[in-house]
Amino acid sequence: MPVKYKNIVPWGRSFREYVDMFHLSDEDLNRSILGCGDGPASFNYEMTQQGRLVVSVDPVYSFDRDAIEKRIYGTYVEVLEQTKANQDKFVWENISSVEELGRIRMESMKLFLDDFEAGKQQGRYVAGELPELPFADGSFDMALVSHLLFLYSEQLSLEFHLSAVDELLRVAGEVRIFPLLDLNSRRSLHVDEVIDYVADKGYSVREEKVKYEFQKGGNRMLKMLKC
């Protein structure tokens with residue numbers, strides 16, 4: 001059966017996963033980073049613990065901690081059930097089972113929840129969403145987009161993707177997007193059109209292979225740079 005969600009679901013990943021998904025070097029991690037669509041990831045918390053600078057933006061941050069926690073638990077069972085029904089679409093090496101996946105994801109999301117209220121007061125969690133972000137031009141060295149663009153190709157149109165990359169390149173000098181697959185582990189129909197669109201605007205754009213692979217074939221990111 002296909003993986004299918006009506007809406008974008010809150011599902012958090014860890015610092016280690018971000019490093020592998022986006023091929024982040026120590027030099028990269030010391031830049032000013034925007035995590036776009038981070039949701040309940042623990043990346044912001046773990047970066048902050050290391051004294052590094054990151055701002056996360058997501059529409060879910062307009063809610064308080066309890067409301068976000070309720071939404072996480074409301075979608076947790078659905079996500080695991082859909083994953084269990086589609087185990088053939090995933091690589092079960094670093095994560096050995098659906099049950100372990102649930103445990104790992106919940107550990108990251110609990111770190112986020114414990115950090116959320118303080119982080120929001122400190123300006124590290126900002127309510128906002130593509131294709132209009134609440135930041136000035138060139139506010140960040142790098143923007144990272146994890147499991148949003150391309151993944152939700154059925155829910156988010158090509159026009160949305162083009163407007164989104166325009167906005168990301170407005171606020172950051174470099175943009176990295178992972179993965180390039182949709183929810184059913186197929187290369188997104190939008191990838192090549194986005195690449196052509198960005199290249200036609202005079203930006204540097206290329207695909208890069210990364211260490212991370214959970215979706216089968218999902219081991220590539222798109223990197224865009226202002227020339």
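Observations, loosely collected:
- Condition met for LEU151 (under 17 Å from ASP28 (Cβ atoms) and in contact (Cβ under 8 Å) with a residue 24 or more places away in the chain): no
- Number of positions in region 195-212 that are buried (at least 16 other Cβ atoms within 10 Å of the Cβ) and touching a residue at least 40 places away in the same chain (Cβ under 8 Å): 2
- Pairs with Cβ under 6 Å, 6+ apart, first in region 114-131 and over 24 Å from LEU168 (Cα atoms), second surrounded by 18 or more Cβ atoms within 10 Å (Cβ to Cβ) and of a type in the set (Ser, Thr, Tyr): ASP115/TYR45
- Residue satisfying all of: in region 126-149; in a strand (DSSP E or B) and in contact with a Lys or Arg (Cβ under 6 Å, 6 or more places away or on another chain); most open to solvent (accessible area, probe 1.4 Å) among these: ASP141
- Residue in region 159-172 that is within 22 Å of PRO10 (Cα to Cα) and open to solvent by 30 Å² or more (accessible area, probe 1.4 Å) present: yes
- Among residues that are within 17 Å of the chain's Cα centre (by Cα) and under 24 Å from GLY218 (Cα atoms), SER97 is not included.
- Test for ASN86: is it surrounded by 15 or more Cβ atoms within 10 Å (Cβ to Cβ) and over 12 Å from GLY12 (Cα atoms): yes
So that you can scan it fast, the table gives a plain yes or no per residue for (1) modelled with pLDDT under 95; (2) touching a His at 6+ places or on another chain (Cβ under 8 Å); (3) at positive phi; (4) of a type in the set (Phe, Trp, Tyr):
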position	(1), (2), (3), (4)
ASP20	no, no, no, no
ARG31	no, no, no, no
MET47	no, no, no, no
PHE63	no, no, no, yes
ASP66	no, no, no, no
ASP88	yes, no, no, no
GLU99	yes, no, no, no
GLY102	yes, no, no, no
PHE112	no, no, no, yes
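- Selected residue (criterion: most open to solvent (accessible area, probe 1.4 Å)) from residues of region 213-227 that are of a type outside the set (A, V, I, L, M) and more than 27 Å from GLN82 (Cβ to Cβ): CYS227
The values are calculated or read from the model by the stated rules, or taken from the named source; none is laboratory data. This is a predicted model, so every value here is computed, not measured. Cβ sites come from the backbone with ideal geometry, for glycine too, and all protein chains shown count toward neighbours. Side chains are part of the model used for accessible areas, which takes the heavy atoms of the whole protein and leaves out ligands, DNA and RNA. Shrake-Rupley method; radii C 1.70, N 1.55, O 1.52, S 1.80 Å.
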